[in-house]
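For reference, the structure discussed in these notes is given below.
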Amino acid sequence: MKTKRFGYLAPLTAMLCNLVIAYILYFLARIIYLLVNYSYFEQGLSFSHLTEMLGGGLVFDTSAILVTNIPYIVLMLLPWHRKENSTYQQICKWVFIVINGLALAINLCDSVYFRYTMRRTTTTVFSEFSNEGNLGSIFLTETLHHWYLSIAFALLIWGVWKLYVKTGLEWKRLRPWPYALTVFLSLAAFAPFVVAGIRGGFTTAVRPITISNANQYVNRPIEAALVLNTPFSLYRTIGKAVFVVPDYYQNEQELAAIYSPEHNLSDSRLSRDSIISRDSSDSIFSRKNVVILIVESFGREYIGALNKTLENGQYRGYTPCVDSLIAKSVTFSHTYCNGRKSIDGMPSILSSIPMFVEPFFLTPASMNHVSGIASILAAEGYQTAFFHGAQRGSMGFQAFSRATGFQDYYGREDYDADTRFGGDEDFDGMWAIWDEPFLQYYATKMSEMKEPFMTAVFTASSHHPYVIPEKYKTQYPEEGIVIHKCIRYTDMAIGKFFEKASREPWFNNTIFVLTSDHTNLSDHAFYETDLGGFCSPIIIYEPGNAERLPEIQDKIAQQIDILPTVMGMLHYQKPYFGFGIDVLNYPAEDTWAVNYLNGIYQYVKQGYVLQFDGTQTKAVYALSDSLMKRNLIGKVPQQPQMERELKAIIQQYMTRMTQDKLSVNK
């Protein structure tokens, strides 16, 4: 198609027509995003609400389209008549197709990644995978698994190529000065619309829109991902200040009285029996070993013992070994992770730092002085070590473990060097050493450590691309969704780990904690809700303590509670830092959990979950309303107090991140 009949306005007209094509691309990419992840969005998805979200999406699409197409706009509206030659116009066409083809590819790829993060990808993804050498094979595998997206991409780009509009002008027939003046005026007239489109509006009262603005078009935080587009999320987070301190409380004493992450024995929220016990003569620091198993993607959903009412009581899960462990352990009725990525789990579990806004150690705040369970116990004479079966540097775990006090790090290279094990033949070909041999290695290495020791292991096999060792493929065939066979394999590996550990002399002098880094693929509606997507197990096993009876306590627990809870079990007497609580020694009514999803903070306490956007409460749901269908905002007497506490948590977090106060000594 050509726009020659518009005369000297043809460049502007052709450019506008092509930008409309870009809008169509973004719209179709959003529809594909919805279809690929439909089970996450179907709740409450009426036609009118979908229309509202699609309309809101136009605001963010406009911003992304105008930002990314600035080179194309400038090329098309350059006031120089000689650019109306075939070579120049062909260059313009290629620039347009490459820019918008890349945007389309990013949007389509993110439609696959969404199910792991429940949000649009931001620029921290480049830091997250900066140390991985297997991204090419991962991308190829995903391309093969989602071939239909590749076909959709090819068809859409072919359509753009065919529909692209040319000016149809011939430079030799143009009058230079009238042409230049007309095109310059076109550029001058269009420029304000570009600025307004990028900002999100014309008025001076409109601040440049950010990711959080998507929440004005949604009913649930998870829906913000549908309103946004990935190019916008990427460029809007380049070089931005991640942590901004709110001014909910002007008085530091008032703030600390409501909530403080600094722990000591005078904490008024500890139960009276706990304080008496810690002050008694038998509360001397116990110096027990501490072993923390962080199991990749091992969501609560997969564990039969923690889902006895699921599927009308018929659900058995995929974890017989962990089920038997739970029968000997303490766990809790409501347990949550504090983030949706592996790099969120590490700070939450080992340093009691939740994920707010962006993964902590992908931000400048990662350079702060950070304490953790390893540094606290190393100061008490513990030998500390972190184990991860991937190559050194993978996911930034080695850097984080060292920064938080782990003295030693054992990765794939160390496993390969140990001739007692299978070496690189036990490598899964993608990420790390298979869980079964690496957990055996883990147990063996702990037997060589001097007690007391504190260790943590991060497993890898229950992870994309969801494969298991060849010898187990008949024992654990495909069933349910693709991750289930991997969960069965990892569960078996955990069972064999505890079987080996139980024969070691250090076993009865050890506190074991088992949790997951985050949740993963789901086939139950409850675990696909805004809150259900954060349901991770927290299992505490203390084989040498006959007084700690196995039970599922009716409490709320979260990953950031692990550090304070372990400190309580060890009768640790000194002050320490952690955003969580000692959940075993808190009354049930004072236990809580917090997480962050797409600009919304979720605060769980006293039977309710409150959703707060940083300024106001958006929703309140009863925990008994498992599918989060009935919004009780303004109808729950606990709401004002929950808002007050959540604001204090947020302000403490942001203040300490920006002022380097992540330890009691700062």
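The values are calculated or read from the model by the stated rules, or taken from the named source; none is laboratory data. Every value quoted in this text rests on a predicted model; they were computed, and no experiment measured them. Here Cβ is always computed from backbone atoms with ideal geometry, including for glycine, and neighbour counts include all displayed protein chains. These area figures cover heavy atoms from the full protein model, side chains too; ligands, DNA and RNA do not enter into them. Shrake-Rupley method; radii C 1.70, N 1.55, O 1.52, S 1.80 Å.
Residue by residue through the range 484-514, note down the ones that are part of a loop (DSSP other than H, G, I, E, B) and either at pLDDT below 95 or open to solvent by 10 Å² or more (accessible area, probe 1.4 Å) (or both).
Matches in the range 484-514: S502, R503, E504, P505.
Can you pull out the residues in the range 419-434 that are surrounded by fewer than 21 Cβ atoms within 10 Å (Cβ to Cβ), part of a loop (DSSP other than H, G, I, E, B) and either among the hydroxyl-bearing types (S, T, Y) or at pLDDT 90 or above (or both)? Correct list: T419, R420, F421, G422, D428, G429.
The set of residues from the range 389-418 being in contact with a Lys or Arg (Cβ under 8 Å, 6 or more places away or on another chain) and open to solvent by 10 Å² or more (accessible area, probe 1.4 Å) comprises Q391, R392, Q398, Y409, Y410, R412, E413.
Across the range 331-357, the number of residues qualifying as buried (at least 22 other Cβ atoms within 10 Å of the Cβ) and assigned to a loop (DSSP other than H, G, I, E, B) comes to 9. Which residues, taken from the range 12-59, are outside any helix (DSSP H, G or I) and either within 19 Å of F96 (Cα to Cα) or more than 25 Å from the chain's Cα centre (by Cα) (or both)? Answer for the range 12-59, where residues must be outside any helix (DSSP H, G or I) and either within 19 Å of F96 (Cα to Cα) or more than 25 Å from the chain's Cα centre (by Cα) (or both): just S46. Taken together, the residues in the range 102-113 that are over 17 Å from W147 (Cα atoms) and surrounded by 16 or more Cβ atoms within 10 Å (Cβ to Cβ) amount to 1. Return yes or no: is Q553 open to solvent by 20 Å² or more (accessible area, probe 1.4 Å), assigned to a strand (DSSP E or B) and either of a type outside the set (D, E) or in contact with a helix residue (DSSP H, G or I) (Cβ under 7 Å, 6 or more places away or on another chain) (or both)? Spelling it out, Q553 is indeed open to solvent by 20 Å² or more (accessible area, probe 1.4 Å), assigned to a strand (DSSP E or B) and either of a type outside the set (D, E) or in contact with a helix residue (DSSP H, G or I) (Cβ under 7 Å, 6 or more places away or on another chain) (or both). Taken together, the residues in the range 376-418 that are among the polar types (S, T, N, Q), modelled with pLDDT of 95 or more and assigned to a helix (DSSP H, G or I) amount to 0. Here Y72 passes the criteria (1) assigned to a helix (DSSP H, G or I); (2) free of Cβ contacts under 8 Å to residues at least 60 places away in the same chain; (3) open to solvent by less than 60 Å² (accessible area, probe 1.4 Å); (4) within 30 Å of L521 (Cβ to Cβ) except the one numbered (4). Going by the conditions given, is D517 of a type in the set (D, E), modelled with pLDDT of 95 or more and closer than 22 Å to G345 by Cα? Criteria met by D517. Of the residues contained in the range 622-629, one or more are found to be open to solvent by less than 40 Å² (accessible area, probe 1.4 Å), of a type in the set (G, A, S), free of Cβ contacts under 8 Å to residues at least 40 places away in the same chain and over 19 Å from N338 (Cβ atoms). If you scan the range 358-376, which residues turn out to be crowded, with 24+ Cβ neighbours inside 10 Å and of a type in the set (A, V, I, L, M)? I373, A374, I376, listed by residue number.
Looking at the range 436-451, can you tell me whether even one residue there is in contact (Cβ under 8 Å) with a residue 24 or more places away in the chain, assigned to a loop (DSSP other than H, G, I, E, B), open to solvent by less than 20 Å² (accessible area, probe 1.4 Å) and over 20 Å from G411 (Cβ atoms)? Looking for residues that are in contact (Cβ under 8 Å) with a residue 24 or more places away in the chain, assigned to a loop (DSSP other than H, G, I, E, B), open to solvent by less than 20 Å² (accessible area, probe 1.4 Å) and over 20 Å from G411 (Cβ atoms), one finds none in the range 436-451, hence no. Taken over the range 308-330, the criterion of being open to solvent by 10 Å² or more (accessible area, probe 1.4 Å) and over 22 Å from S461 (Cα atoms) is satisfied by K308, T309, L310, E311, N312, G313, Q314, Y315, A327, K328.
Of all residues in the range 154-170, those satisfying the criterion of being assigned to a helix (DSSP H, G or I) and open to solvent by 70 Å² or more (accessible area, probe 1.4 Å) are L155, W158, W161, K162, L163. Residue pairs whose Cβ atoms lie under 7 Å apart, separated by 6 or more positions or on different chains, with the first residue in the range 363-381 and closer than 14 Å to A403 by Cβ and the second open to solvent by 30 Å² or more (accessible area, probe 1.4 Å) and at pLDDT 95 or above, are A378/Q407.
If you take the residues in the range 84-100 that are aromatic (F, W, Y) and over 15 Å from A64 (Cα atoms), which one is most open to solvent (accessible area, probe 1.4 Å)? Among those residues, the one meeting the criterion is W94. When restricted to residues that are under 26 Å from E528 (Cβ atoms) and surrounded by fewer than 19 Cβ atoms within 10 Å (Cβ to Cβ), the range 37-67 contains 15. Checking the structure you have, find out if any residue of the range 538-552 is under 18 Å from the mean Cα position of the chain (by Cα) and of a type in the set (S, T, N, Q). The answer is no, given that none of the residues of the range 538-552 is under 18 Å from the mean Cα position of the chain (by Cα) and of a type in the set (S, T, N, Q). Applying the condition of being touching an Asp or Glu at 6+ places or on another chain (Cβ under 7 Å) and of a type outside the set (F, W, Y) to the range 520-534 and asking which residue is nearest to V566 (Cα to Cα) yields S522. Spot the failing condition for S130; the list is (1) at pLDDT 85 or above; (2) not in a helix (DSSP H, G or I), and only one is missed. Unmet for S130, out of (1) at pLDDT 85 or above; (2) not in a helix (DSSP H, G or I): (1). Being surrounded by 12 or more Cβ atoms within 10 Å (Cβ to Cβ) and modelled with pLDDT of 95 or more is a property that P246 has. Based on what the data block shows, is V604 among the β-branched types (V, I, T), within 30 Å of V566 (Cβ to Cβ) and either surrounded by fewer than 18 Cβ atoms within 10 Å (Cβ to Cβ) or out of contact with any Gly (no Cβ under 8 Å at 6 or more places or on another chain) (or both)? In short, yes.
Close Cβ contacts (under 8 Å, 6 or more residues apart or on different chains) running from residues in the range 149-168 that are touching a residue at least 60 places away in the same chain (Cβ under 8 Å) and β-branched (V, I, T) to residues that are surrounded by fewer than 18 Cβ atoms within 10 Å (Cβ to Cβ) and part of a loop (DSSP other than H, G, I, E, B) comprise V165/M1. Just one of the numbered conditions (1) assigned to a helix (DSSP H, G or I); (2) modelled with pLDDT under 95; (3) not aliphatic (A, V, I, L, M) is not true of T204: (1). Checked against (1) touching a residue at least 40 places away in the same chain (Cβ under 8 Å); (2) of a type in the set (A, V, I, L, M, F, W, C); (3) in a helix (DSSP H, G or I), L78 meets all criteria but (3). Candidates in the range 453-483 are the residues that are in a loop (DSSP other than H, G, I, E, B) and in contact with a Leu (Cβ under 6 Å, 6 or more places away or on another chain); of these, the one that is farthest from S286 (Cα to Cα) is I481.
A quick yes/no check of all residues on (1) outside any helix (DSSP H, G or I); (2) at pLDDT 95 or above:
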| position | (1), (2) |
| --- | --- |
| L265 | yes, no |
| R287 | yes, yes |
| C321 | no, yes |
| S324 | no, yes |
